[in-house]
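Notes for the one structure printed next.
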Amino acid sequence: MQLHLNPPLEPADAPRHAAAIVAAAADISGAELDYSPESICLVEDIVDGFRAEGVTGEDMAESLVAFGCYVGEILTRHNGGAWRHAPTATRPEAVPIVVELPGARECHPIDWVFGRLEFGTDVSIRDLYTAAGAEGGFPDERTCE
């Protein structure tokens, strides 16, 4: 996947990407993304709209990454997570950043958003978020390991 992000996709810049999508969503659709866990429903609705329009992950890569950063910011703010570089040895094809939660669990919120576009309601970002916050949440490549 070719990404043309400014700033590049680095742990320290994830909050800026999240803030940019908050502003863009407000300007384009009037969506009020407030970094609350409840606002994940709006993200799902927006991504479902992309899916209904027939766009692909490649078509919307930058926006999907930014929405993933937004969901990741919800994890950092409400679950004590922190952005980190993804370990390339275990998933070299994956997005280069993850959210690490207490207990050294890695969450992949950007993958969650891409999964929602690809698989529709079979991938619930809300459920993945809930599982991530649960003690001993289930391990899965789209959630936490």
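The values are calculated or read from the model by the stated rules, or taken from the named source; none is laboratory data. Computed from a predicted model, the values in this text were never measured in an experiment. All Cβ positions, even for glycine, are placed from backbone atoms using ideal geometry, and neighbour counts span all protein chains on display. Ligands, DNA and RNA are excluded from the accessible area calculation, which covers all protein heavy atoms including side chains. Shrake-Rupley method; radii C 1.70, N 1.55, O 1.52, S 1.80 Å.
Here are some notes:
- Among (1) part of a strand (DSSP E or B); (2) open to solvent by 50 Å² or more (accessible area, probe 1.4 Å); (3) touching a residue at least 24 places away in the same chain (Cβ under 8 Å) - the single one R51 does not satisfy: (1)
- Any hit, segment 64-72, residues being outside any loop (DSSP other than H, G, I, E, B), more than 10 Å from the chain's Cα centre (by Cα) and buried (at least 21 other Cβ atoms within 10 Å of the Cβ): no
- Only listed residue being of a type in the set (K, R), open to solvent by less than 60 Å² (accessible area, probe 1.4 Å), modelled with pLDDT of 95 or more and out of contact with any Leu (no Cβ under 6 Å at 6 or more places or on another chain), chosen from R116, R77, R91, R105: R116
- Qualifying residue in segment 47-65 (condition: in contact with a Lys or Arg (Cβ under 6 Å, 6 or more places away or on another chain), of a type outside the set (D, E, K, R) and modelled with pLDDT of 90 or more): yes
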